[in-house]
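Just below is one structure, and these are the notes that go with it.
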Amino acid sequence: MDESHADDEKNADRKRYVVRFLSEANLIDRDPPDDIDKERPDDKAAVYLYGAYLDEANLSRVPLQKTNLRGTNLRRADLTGTNFTGADLAEADLTDAKLIEATLDDADLTGATLEGADLTGATLDHADLTRAKGMTKAKVVKQAKSYNGSTMPE
């Protein structure tokens, strides 16, 4: 087994573990699909956690790339070093969330609430922050490590 295939297997196992945990803790209202690690040709999302209640959750360094977190409550969550590449965080509540050194490249943060969020060292390359609440371009520039090609909040 080559190294990249082994990494894919580890990531698939992690995703299954996280979704099962969230389901068993009644933080999401659906069981994880059996094919959570398989490609869905008609949809880019690898995991669906839309609308989940994850207030104060510790998801530090969890691989959540291409995850649908639309409308999810992540208030005061520890998301330090979490990989959100390509994730859908539109309308999510990230009030006071720790996004320190998080990867938010190509993430959709349209209309997300980022009041008090800490983006120190985060990467936001090509992220969409249109209509993001509680975040300004000045704060992104001051805190983020990179934000190339991002759509900034007004």
Around residue 123: net Lys/Arg minus Asp/Glu count, Cβ-Cβ under 13 Å:
-3
Can you pull the three principal axis extents for the Cα set of segment 46-154, in Å, largest first?
29, 24, 23
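With 10 angstrom as the radius, rank 72, 136 by how many other C-beta atoms surround their C-beta, starting from the fewest.
Numbers: 72 27, 136 14.
The order, fewest Cβ neighbours first, is 136, 72.
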For an R0 of 25 angstrom, estimate the FRET efficiency from the Cβ-Cβ distance between residue 154 and residue 21 and round to the nearest 0.05.
0.10
Sort 53, 147 by Cβ crowding within 10 Å, fewest neighbours at the top.
53, 147
Cut-off 15 Å, label 7 Å out along Cα→Cβ of residue 146, residues of segment 99-128 by amide N:
101-107, 121-127
Set the bar at 18 Å for Cα to Cα. Now go through 98/133; 98/139; 66/139 and name every pair that lies beyond it.
66/139
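No value in this document is a laboratory result; all are computed from the given coordinates. None of the values given here were measured: they were computed from a predicted structure. Glycine also receives a Cβ, built like all others from the backbone with ideal geometry; neighbour counts cover every protein chain displayed.
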